[in-house]
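A.B. asks: One structure follows; several queries about it will come next.
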Amino acid sequence: MTRVLWREGWIKPLLTETLPSENCSVCKKEFNDLDFVTSCEFCDIGIIHDSCAKEHVISDHLKELEEKIEKHKEKRLHYFQ
Ligand SMILES: [Zn+2]
Ligand SMILES: [Zn+2]
């Protein structure tokens, strides 16, 4: 069954029939209609629930996340100097 998924910043909703899997790669649950989904910016995990993404990033990419935050801080400092 095709379900419609939403991803922030997307113009078009995503249809599950266009995905390689109808299950979230983090929680392994099937997507429901109008679930908010996203993908990981640090790896190719695929489409995952918006709510699962935070958990995934914190457990798998804490180091990358911290580096990214540091970079942002530097940028801000330069901007205001
Ligand atoms: Zn999930
Ligand atoms: Zn990831």
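The values are calculated or read from the model by the stated rules, or taken from the named source; none is laboratory data. Keep in mind that this is a model prediction, so the values were computed, not measured. With ideal geometry, Cβ positions are generated from the backbone for all residues, glycine too; neighbour counts draw on all protein chains shown.
Rundown of residues vs (1) within 28 Å of LYS68 (Cβ to Cβ); (2) acidic (Asp, Glu); (3) more than 12 Å from the chain's Cα centre (by Cα), yes/no style:
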site: ARG3; (1), (2), (3): no, no, yes
site: GLU17; (1), (2), (3): no, yes, yes
site: PRO20; (1), (2), (3): yes, no, yes
site: CYS24; (1), (2), (3): yes, no, no
site: THR38; (1), (2), (3): yes, no, no
site: GLY46; (1), (2), (3): yes, no, no
site: ASP50; (1), (2), (3): yes, yes, no
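A.B. asks: Another question, if that's okay. Out of SER25, SER21, SER39, I need the residue that is in contact with a Gly (Cβ under 7 Å, 6 or more places away or on another chain), modelled with pLDDT under 90, surrounded by 10 or more Cβ atoms within 10 Å (Cβ to Cβ) and of a type in the set (Ser, Thr, Tyr). Which one?
C.D. replies: Unique residue meeting the criteria: SER21.
This table checks each residue for (1) touching a Leu at 6+ places or on another chain (Cβ under 8 Å); (2) among the acidic types (Asp, Glu); (3) more than 16 Å from ligand 2 (Cβ to nearest atom).
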position	(1), (2), (3)
THR18	no, no, yes
VAL26	no, no, no
ILE45	no, no, no
VAL57	yes, no, no
